[in-house]
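Asker: I have a structure here, written as structure tokens, and I will follow up with some questions on it.
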Amino acid sequence: MNKKAYLILADGTVFEGKRFGATHEAMGELVFTTGMGGYIETLTDPSFAGQIVIQTFPMIGNYGMITQDYEGIPRVKGYVVREYCEIPSNFRSENDIDSWLKEQGIPGICGVDTRELTRIIRSQGVINALISDHVPANLDELKNFKVENVLKEASCANPEFHPAQGEKRFHVALLDYGAKRNIIRCLQQRGCDVTVLPYDTSASEILALGIDGVMLSNGPGDPAENTYSIRQIQEIVGKIPVFGICLGHQLMALAMGGKTYKMKFGHRGVNQPVKDMTTGKTYVTTQNHGYAVDQESLKGIGTLRFANVNDGTCEGMSYPGKKAMTVQFHPEACAGPHDTMFLFDEFMKMMEEETHAAG
């Protein structure tokens, strides 16, 4: 029988529930994600470093845990669900979610009103929270918690090489700020050798590899605190084609002299509508971010390519004359949607044109 547990918010609000997963305390920034599926990808997305994740969909774990679907090493601090499935039913399932969370050392709490929690965050904004067996008398530590300096935690420690599938066309360096594995797969499928590099690799080391293009990956935390990474991007821009996703999009904007800001509760889910400003088409996208690019700060520097249909926020920029494009959403998203996968093909075209120009 699951032990009683509490989810304590920094404003003093307390939700009573039941333990599942690991049994130690977890403190983090409480955020919600709206996907009906894809919980495996959520739990293994390094971009959730420092955060406790609420699943708004009421039943989680139906199809178990599947190693092949992992996006990276799990960095989520805690997990909140209305109900979890104890006996998953799927021919690919290797483990149930409770056992998996225990193995990974991730505390969870179930039996809480996730709908009410989501309402609180949508009303007040993201808030710190604690999963614990008791309610502390003093909440100062919880109130003062910040997600800081998480790139090192989310990134790889050493370079990794992944060969192209089929005939090699290009060699791409992927700066790993917390990269999802499907970014690598999407590049491999298009004939790219992929060298994954730690977040703190210098621009000179990157360019010395003789690569055809650079991918700036997704990742966690406040983009503005990553001053070293921003300086390295400044030294790369204009010299070689660059494609940035999520945090990579934000870091590129900062490198180009733009600004970023923290959103009230961010975009996390698989149903965010994004309009392509060049064609007028709207795509459904997967997103996971709590910061956004201030498009006004890039006037005269970059061109707004994509905008969020719900709130008008910047979802993608192109930088004329700089061989660079970036998007806030995830074109490589698993378990989908796949509406914007064509952006990888645009990146291939950028590298092809650069190769022809150099030849």
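The values are calculated or read from the model by the stated rules, or taken from the named source; none is laboratory data. As the structure is a prediction and not an experimental result, all values here were calculated from the model. Reconstructed Cβ throughout: ideal geometry from the backbone, glycine too, with neighbour counts over all protein chains shown. To get the accessible areas, we keep the full protein, side chains included, count just its heavy atoms, and leave off ligands, DNA and RNA. Shrake-Rupley method; radii C 1.70, N 1.55, O 1.52, S 1.80 Å.
Asker: Within the chain, what whole-number % of the accessible surface is contributed by carbon and sulfur, with the 1.4 Å probe and all protein chains included in the calculation?
Answerer: 48
Asker: Related question: Averaging over all projection directions, find the projected area of the Cα convex hull of region 1-131 and quote it in nm² with one decimal place. Mind showing how you got there, number by number?
Answerer: Working: hull surface 28.2 nm².
Computed as one quarter of the Cα hull surface, the answer is 7.0 nm².
Asker: Where Rh is the Kirkwood radius over the Cα pairs of region 291-331, the temperature 10 °C and the viscosity 1.306 mPa s, what D in µm²/s does Stokes-Einstein return?
Answerer: Reported coefficient: 151 µm²/s.
Asker: About the Cα centre of region 270-359, how large is the charge dipole given +1 on each Lys and Arg Cβ and -1 on each Asp and Glu Cβ? Please answer in debye to the nearest 20. Please list the in-between numbers first.
Answerer: On the way: 7 positive and 12 negative charges, 35 e Å.
It comes to approximately 160 debye.
Asker: Separate question: How much net charge surrounds ASN182 when only other residues with a Cβ under 14 Å from its Cβ are counted (Lys, Arg +1; Asp, Glu -1)?
Answerer: Numbers: positive: LYS180, ARG181, ARG185, ARG190; negative: GLU41, ASP45, ASP69, GLU71, ASP176, GLU332.
Net charge in that neighbourhood comes out at -2.
Asker: Here's something else I'd like to know. How big is the charge dipole of the chain about its Cα centre, in debye rounded to the nearest 20, if each Lys and Arg gets +1 on its Cβ and each Asp and Glu gets -1 on its Cβ?
Answerer: Here the chain has a charge dipole of around 520 debye.
Asker: Take every Cα-Cα pair in region 230-330 and report what % of them are more than 19 Å apart.
Answerer: Details: 1798 of 5050 pairs.
In whole percent, the share of Cα-Cα pairs in region 230-330 beyond 19 Å is 36.
Asker: Take the alpha-carbon positions of the chain, form their convex hull, and give its projected area averaged over all directions (one quarter of the hull surface) in nm². Write out the running numbers ahead of the final one.
Answerer: Details: hull surface 71.2 nm².
Over every viewing direction, the Cα hull of the chain projects on average to 17.8 nm².
Asker: Right, something else. Describe numerically, in nm with one decimal, the distance between label points set 7 Å from Cα along Cα→Cβ at GLU235 and at GLU296.
Answerer: 3.4
Asker: Still on this structure, I have one more. As I understand it, the dipole of the chain uses +1 on the Cβ of Lys and Arg and -1 on the Cβ of Asp and Glu, about the Cα centre. Which of GLY336, CYS314, GLY244 lies farthest toward its positive end?
Answerer: Toward the positive end, the furthest listed residue is CYS314.
Asker: So, one more: I'd like to check one number: the per residue accessible area of region 52-161, probe 1.4 Å, reported in Å² as a whole number. List each step's numbers first, then the result.
Answerer: Values: 5730 Å² over 110 residues.
Here the residues of region 52-161 average 52 Å² of exposed surface.
Asker: Taking only the alpha carbons of region 186-282, what extent do you get along each of the three principal axes, in Å, biggest first?
Answerer: 39, 33, 23
Asker: Show me the ranking of peptides 106-118, 320-332, 145-157 by mean Cβ neighbours inside 10 Å, starting with the highest. Mind dumping the intermediate values first?
Answerer: Working: 106-118: 20.2, 320-332: 21.9, 145-157: 16.5.
The packing order, highest mean first, is 320-332, 106-118, 145-157.
Asker: Given charges of +1 on the Cβ of Lys and Arg and -1 on the Cβ of Asp and Glu, with all other atoms neutral, how large is the dipole of region 81-185 about its Cα centre, in debye to the nearest 20?
Answerer: 620
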